[in-house]
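Undergrad: Once you've had a glance at the structure underneath, I'll fire off some questions.
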Amino acid sequence: MKGVILFNPRSALSKHSIPNSVLQVAAAIDGKRDYVFVDGNRERDPWIAIDTYLATGGFDVLATTVMPGMQLQQAIPLTRRVRERYPHVVNIWGGYFPSNQYRTVLGSGVVDYVINGPGDEAFPLLLDALETGSDPQAVKNLIFLRNGSFVATPKAELLTQDDLPSLPYETLDRFYPLDGYIRKTFLGSKTVAYHSSVGCPFTCSFCAVVPIYEAGWKGKSAARIYRDIRHLKDRYGADAIEFHDNNFFVSEKRTAEFARLVREDGMRWWGEGRIDTIHHYSDASLALMREAGCRMIFFGAETGNDAILKQMDKGGTQTGKQIEAFARRMKEFDIIPEYSFVLGLPGRSPDDVRRQIGEDIEFIRRIKVINPETEIIIYVYSPVPTEGSELYELVRASGFRFPERLDDWLSPEWEEFDLRKNPLTPWLTPDMVDTIKNFETVLNARFPTVSDFKLTPFQRSAMRTISSLRYGSKLYRAPYELKVLQKFWLKYRRPEVEGFYNE
Ligand code: B12
């Protein structure tokens with residue numbers, strides 16, 4: 001077995017954070033196999049780098065990480081090109097998209113193996129099997145085609161995260177200077193992306209994490225996180241952290257311990273958590289987190305409607321009332337809640353869907369009254385294959401189907417689908433999508449996000465003034481003047497699509 005090319009297809013229009021998916025995979029083979037990085041976010045045309053490496057004859061594996069959306073635009077054509085020009089090269093895909101859409105990915109004939117979930121053990125073991133000619137079926141977390149049938153090997157237990165090797169930042173730095181990833185955001189002048197846990201203990205049926213981790217969660221200890229963060233601070237001058245975990249705040253004990261460790265470092269941090277989990281945190285823990293630099297937390301609020309929270313299998317104790325009470329509580333501790341909502345779920349009738357959208361818009365307005373600092377993110381529901389869930393059965397019953405051919409995901413409408421902005425769900429009519437998007441435009445003008453720190457105080461107050469009549473009188477229809485100002489004057493940036501604005 002020769003060298004491995006680790007490929008992170010382009011995932012954002014601007015430069016971006018540390019590609020932790022391929023970096024963690026690199027850690028699993030570091031010192032055992034030759035490998036190189038190709039980052040589509042840092043290459044004008046990644047094909048040139050991939051082709052150059054393969055033309056040397058020193059590489060025979062292209063290992064690509066793929067999430068839905070923009071990454072498909074490079075992952076699919078480049079993998080296909082490698083198959084055509086270098087048929088002996090093994091194509092391995094890992095990440096959320098292939099794990100959830102393995103039939104389409106393997107059915108394309110250009111991808112040989114899908115790493116289903118964590119690749120820390122699966123990837124090195126697969127390379128060993130390919131090298132020795134032994135049966136890959138012995139490798140867990142793997143899916144491949146054999147004689148026309150899918151072979152999905154058992155899922156491995158989640159690993160003890162503290163046992164994972166340190167990430168080879170210095171190696172990545174040789175390919176792409178790390179300064180290019182450690183950027184200024186509203187959190188700090190040198191913001192790093194760090195991933196301290198895998199999975200999530202909950203099974204929300206609109207979330208792509210669920211089919212992969214099935215309510216499993218494992219996290220690094222506070223001491224290990226702090227050791228790694230200190231390395232990024234001391235070696236690269238990091239002064240802020242984006243915790244990219246699906247659910248960083250599962251354990252109050254771990255969070256509080258990390259807060260105590262990082263308290264004197266003057267770092268500011270952001271992460272993702274659940275409202276019901278952190279609402280059960282003590283006042284002391286919340287105060288400690290704020291003192292230790294926790295500035296904003298992303299939450300899946302989803303909806304103010306308890307029946308729909310149930311239909312979503314949101315689980316836990318989250319309710320509309322709790323979402324309101326928690327926004328009020330976060331204000332007391334000066335930690336910004338970033339509430340994401342999922343609008344446009346299937347209903348019994350079009351009127352039912354419209355009524356629900358209207359109710360959630362009113363609910364979001366109430367949250368803004370309770371705590372105007374609350375950042376609001378609006379997603380339009382895009383199904384993920386949570387087989388067997390009440391919500392997914394409703395989706396299937398509506399006639400919704402994912403593309404069967406891999407190349408169909410390249411079509412503009414499916415790229416839109418992935419961005420959860422304009423899904424092609426049969427029950428959502430254009431007027432419903434317009435209602436959601438127009439409200440979003442007026443809301444973002446009335447309350448510009450703090451994360452877009454390039455906005456001047458004048459721009460912010462101008463947008464507030466210009467939009468206040470519309471927002472005050474709930475006039476959301478055809479907000480073209482605001483769209484033009486946001487696009488051309490503000491170059492407004494939404495964190496849910498490209499991450500936090502960074503320079
Ligand atoms: C960072 C991030 C981004 C970054 C891009 C990162 C990049 N790669 O360049 C940005 C902010 C640009 C981004 C954008 C989006 N994202 Co995003 N993103 C993430 C996030 C928070 C962290 C990913 C990460 O680094 N994880 C850390 C690594 C170590 O974990 P991992 O990726 O799971 O990797 C392990 C395994 O999966 C496997 N593996 C993964 N890749 C590979 C590759 C190989 C070769 C092998 C062997 C193994 C392997 O092994 C790894 C180690 O165990 C994840 C959530 C999460 N916590 O993972 C969401 C997530 C992947 N994003 C998601 C989505 C939907 C999007 C957007 C579409 C959102 C939107 N509405 O716009 C956009 C799409 C991008 C676009 N512009 O089109 C969803 C995907 C859901 C789905 N349907 O599959 C996730 C899961 C969030 C969620 N909870 O829903 N995203």
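Undergrad: Multiply the residue gap between residue 307 and residue 60 by 0.36 nm, knock off their C-alpha separation, and tell me the result in nm, one decimal place.
TA: Length gained between residue 307 and residue 60: 83.7 nm.
Undergrad: Now a separate question. Can you give the charge dipole size of the stretch 158-292 about its Cα centre, rounded to the nearest 20 debye, using +1 on the beta carbon of Lys and Arg and -1 on the beta carbon of Asp and Glu?
TA: Once rounded to the nearest 20, the dipole reads 200 debye.
Undergrad: Run the dipole for the stretch 336-472 about the Cα centre, Lys and Arg Cβ at +1, Asp and Glu Cβ at -1, nothing else charged, and hand back the magnitude in debye, nearest 20.
TA: Roughly 740 debye, rounded to the nearest 20.
Undergrad: OK, next. As I understand it, the value is the acute angle between the Cα axis of helix 350-370 and the longest principal axis of the Cα atoms of the chain; what does it come to in degrees, rounded to 10?
TA: Once rounded, one gets 70 degrees.
Undergrad: Using 0.36 nm per residue, how much length does the chain from residue 291 to residue 12 gain when fully extended, once their Cα-Cα distance is taken away?
TA: 97.2 nm is the gain from fully extending residue 291 to residue 12.
Undergrad: Let me ask something additional. Keeping all protein chains in the complex and leaving out DNA, RNA and ligands, what accessible area do you get for residue 32 with a 1.4 Å probe, in Å² to the nearest 10?
TA: The value for residue 32 is about 150 Å².
Undergrad: For an R0 of 51 angstrom, estimate the FRET efficiency from the Cβ-Cβ distance between residue 328 and residue 44 and round to the nearest 0.05.
TA: After rounding to 0.05, the efficiency reads 0.60.
Undergrad: If r is the Cβ-Cβ distance from residue 2 to residue 488 and R0 is 45 Å, what FRET efficiency results, to the nearest 0.05?
TA: The calculated FRET efficiency here is 0.35.
Undergrad: Is the C-alpha gyration tensor of the stretch 182-397 telling us rounded, prolate or oblate? Criteria: a/c under 1.5 is rounded; beyond that, a/b larger than b/c is prolate, otherwise oblate.
TA: Prolate shape, in that a/c is at least 1.5 and a/b is the bigger ratio.
Undergrad: Within the chain, what whole-number % of the accessible surface is contributed by carbon and sulfur, with the 1.4 Å probe and all protein chains included in the calculation?
TA: Roughly 54 percent of what the probe reaches on the chain is carbon or sulfur.
Undergrad: Further question on the same structure: For the stretch 182-397, give the magnitude of the charge dipole about the Cα centre (Cβ charges: +1 Lys/Arg, -1 Asp/Glu; no others), in debye to the nearest 20.
TA: 680
Undergrad: Which of the GluC sites (Glu not before Pro) found in the stretch 387-485 are loop residues per DSSP with 11 or fewer other Cβ atoms within 10 Å of their Cβ?
TA: Of the GluC sites (Glu not before Pro), the ones in loops of the stretch 387-485 whose Cβ has at most 11 other Cβ atoms within 10 Å are 387, 404.
Undergrad: Sticking with this structure for a sec: With labels modelled as points extended 7 Å from the Cα through the Cβ direction, what inter-label distance (nm, one decimal) is found for residue 52 paired with residue 252?
TA: Taking the two extended label points, one gets 5.4 nm.
Undergrad: Could you check what % of the DSSP bridge pairs in the chain are antiparallel, to the nearest 5?
TA: 20
Undergrad: Also, quick follow-up: Among the aspartates and glutamates, which fall within straight-line cross-link reach of residue 32, defined as a Cα-Cα distance under 15 Å, with same-chain neighbours fewer than 8 residues apart omitted?
TA: Counting by Cα, and skipping residues close in sequence, residue 32 has these aspartates and glutamates nearby: 120, 121, 128, 131.
Undergrad: Let a ≥ b ≥ c be the square roots of the eigenvalues of the Cα gyration tensor of the stretch 445-503; is it rounded (a/c under 1.5), or, if not, prolate (a/b larger than b/c) or oblate?
TA: Taking the square roots of the gyration eigenvalues as a ≥ b ≥ c, the stretch 445-503 is prolate.
Undergrad: Using a 1.4 angstrom probe with every protein chain in place, what is the largest-first accessible-area order of 489, 217?
TA: I get 489, 217, largest accessible area first.
Undergrad: Could you sort out which of 190/310; 2/155; 321/474; 233/454; 314/454; 184/487 sit more than 32 Å apart by Cα distance in this structure?
TA: Violating the 32 Å limit, Cα to Cα: 190/310; 314/454.
Undergrad: Would you mind putting 453-460, 356-363, 5-12 in packing order, based on average other-beta-carbon counts within 10 Å, highest first?
TA: Result, highest mean first: 5-12, 356-363, 453-460.
Undergrad: Using a Förster distance of 56 angstrom, determine the FRET efficiency expected from the C-beta separation of residue 85 and residue 317, and round it to 0.05.
TA: About 0.55, to the nearest 0.05.
Undergrad: For a quick protection proxy, order the peptides 144-154, 52-62 by their average other-Cβ count within 10 Å, most packed first.
TA: Per-residue mean Cβ counts within 10 Å order the peptides as 52-62, 144-154.
Undergrad: List residues of the stretch 94-109, by number, whose backbone nitrogen lies under 14 Å from a label position 7 Å along Cα→C-beta of residue 410.
TA: 108-109
Undergrad: Averaged per residue, what accessible surface does the stretch 245-345 expose to a 1.4 Å probe, in Å²?
TA: 34
Undergrad: By how many degrees, between 0 and 90 and to the nearest 10, does the Cα long axis of helix 20-29 differ from the longest principal axis of the chain?
TA: Helix 20-29 and the main axis of the chain meet at about 30 degrees.
Undergrad: OK, next. If packing is taken as the mean number of other Cβ atoms within 10 Å per residue, what is the order of 265-274, 366-375, highest first?
TA: 265-274, 366-375
Undergrad: Label residue 461 and residue 103 with points 7 Å out from Cα along Cα→Cβ: what is the distance between them in nm?
TA: 5.8
Undergrad: Can you tell me the 0 to 90 degree angle between the C-alpha axis of helix 430-446 and the longest principal axis of the chain, rounded to 10?
TA: 70
Undergrad: Per the helix-only calculation at 222 nm, which mean residue ellipticity applies to the chain, given -39500 (n - 2.57) for every DSSP H run of n ≥ 4 and division by its residues, nearest 500 deg cm²/dmol?
TA: So the helix-based figure for the chain works out to -12000 deg cm²/dmol.
Undergrad: Could you point to the residue in 123, 53, 457 farthest towards the positive end of the chain's charge dipole, with +1 and -1 charges on the Cβ of Lys/Arg and Asp/Glu respectively?
TA: Checking the options against the dipole of the chain, the answer is 457.
Undergrad: What is the spin-label model distance, in nm, from residue 153 to residue 132 if the labels are put 7 Å beyond Cα along the C-beta direction?
TA: A separation of 1.1 nm, rounded to one decimal place.
Undergrad: List the residues, sorted by chain then number, that are 5 or more residues from residue 375 or on another chain and whose placed amide H is less than 5 Å from its amide H.
TA: Counting only residues 5 or more places away or on other chains, the set is 338, 339.
Undergrad: To check you understand DSSP bridge types, tell me what percent of the beta bridges within the stretch 3-152 (both residues inside) are antiparallel, rounded to 5.
TA: Of the beta bridges lying entirely in the stretch 3-152, close to 30 percent run antiparallel.
Undergrad: With a ≥ b ≥ c taken as the square roots of the eigenvalues of the C-alpha gyration tensor of the stretch 3-152, please select rounded if a/c is under 1.5 and otherwise prolate if a/b is larger than b/c or oblate if it is not?
TA: Taking the square roots of the gyration eigenvalues as a ≥ b ≥ c, the stretch 3-152 is rounded.
Undergrad: How much length would be gained if the chain were fully extended between residue 354 and residue 260, taking 0.36 nm per residue of separation minus their Cα-Cα distance, in nm to one decimal?
TA: Gain on stretching residue 354 to residue 260: 29.2 nm.
The values are calculated or read from the model by the stated rules, or taken from the named source; none is laboratory data. This structure is a prediction, so every number in the text was calculated from the model and none was measured. Quick reminder, even Gly has a Cβ in these numbers, built from the backbone with ideal geometry, and neighbours come from all protein chains shown. For accessibility, only protein heavy atoms count, side chains too; no ligands or nucleic acids. Shrake-Rupley method; radii C 1.70, N 1.55, O 1.52, S 1.80 Å.
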